[in-house]
Ligand SMILES: [Zn+2]
């Protein structure tokens, strides 16, 4: 498979071109351009979450561990009657370290167990599921941002799938479903629902 860096390079260049076009043609503005660019670049790395040794997988583990440690620090150092807080700094540090190690391992294990490399994470609903989820996250930023982020997010993941397909001279990464028909159906249903929420509501002038 193409390396993590080549996926990131291609999705970064592609996203920069699309954002520049969006800025020139529609005047996207700084916030929208930045959000759309991030959605595109991250999308280029996303499908390899299913690889047992991938950088995105390790990164997700680190992020999970850091979030847990931050939550423990916030909990332990706040002044509250129960659990005898605030805790002494050494206890806070030890508890944060334990939370980091535990959640880092937990996130990596759960993702590893629930994915097969080049399985459903490398299939055609994924760009649209990811685009819909990212569009939902930025719904408060208005219609223009929702559309720009959706387009860049989907394009970012598509560059990944197309690169994998081109490298292997195989259409397998661009498949519609895997042999697990149940999981494939659920994935398409989730994709449809997420996009219904993400797009139809903000884009239809209902309110
Ligand atoms: Zn891949």
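Bear in mind that the values in this text are calculations on the coordinates, not laboratory data. In this text, all values refer to a predicted model and were calculated from it rather than measured experimentally. When we count neighbours, we look across all protein chains shown, and the Cβ atoms used for this are built from the backbone with ideal geometry, even at glycine.
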- [ ] First obtain the Kirkwood hydrodynamic radius of the range 52-116 from its Cα pairs, then insert it into the Stokes-Einstein equation at 37 °C and 0.692 mPa s, and state the resulting D in µm² per second as a whole number.
- [x] 261 µm²/s
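Just from its helices, what would the mean residue ellipticity at 222 nm be for the chain, if runs of 4 or more DSSP H residues each count -39500 (n - 2.57) and the sum is divided by every residue, rounded to the nearest 500 deg cm²/dmol? Display every interim value, and only then the final one.
Details: 7 runs with 142 residues, N = 207.
The helix-only estimate for the chain comes to -23500 deg cm²/dmol at 222 nm.
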Task: Mean-position separation - Cα centroids, the range 34-82 and the range 128-207, in angstrom - done: 21 Å
Open item on the list: For the chain, take the longest principal axis of its alpha carbons; what is the angle in degrees between that and the long axis of helix 125-137, to the nearest 10 within 0 to 90?
Closed with: 60 degrees
- [ ] For the chain, just the Cα atoms, rotate onto the principal axes and tell me the three extents in Å, largest first.
- [x] 56, 42, 33
Open item on the list: Residues of the range 127-159 with the amide nitrogen closer than 18 Å to a label point 7 Å from the Cα of residue 201, along Cα-to-Cβ, please.
Closed with: 129-150
Task: Exposure proxy order (Cβ contacts within 10 Å, fewest to most) of 91, 15, 54 - done: 91, 54, 15
Open item on the list: Using just the Cα positions, wrap the range 1-70 in a convex hull and report its mean projected area in square nanometres, one decimal place.
Closed with: 5.7 nm²
Task: Between 0 and 90°, nearest 10: helix 55-77 axis offset from the chain longest Cα axis - done: 40 degrees
- [ ] On a 0 to 90° scale, report how tilted helix 4-26 is relative to the longest principal axis of the chain, with both axes built from alpha carbons and the result rounded to the nearest 10.
- [x] 70 degrees
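For the peptides 174-185, 35-46, what is the packing order when you average, over each peptide's residues, the other Cβ atoms within 10 Å and list the highest mean first? Don't jump to the answer; show the numbers that get you there.
Working: 174-185: 12.8, 35-46: 23.5.
Ranking, from highest mean packing down: 35-46, 174-185.
Place the peptides 142-148, 117-123 in order of packing, highest mean first, counting for every residue the other Cβ atoms within 10 Å and averaging per peptide. Present the calculation step by step, with values, prior to reporting the outcome.
Numbers: 142-148: 18.6, 117-123: 20.3.
Going from most to least packed, we get 117-123, 142-148.
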Task: Computed label-point distance, nm, for sites residue 73 and residue 6 using a 7 Å Cα→Cβ extension - done: 3.9 nm
TODO: For the range 122-162, build the convex hull from the C-alpha positions and give me its volume per residue in Å³.
DONE: 46 Å³
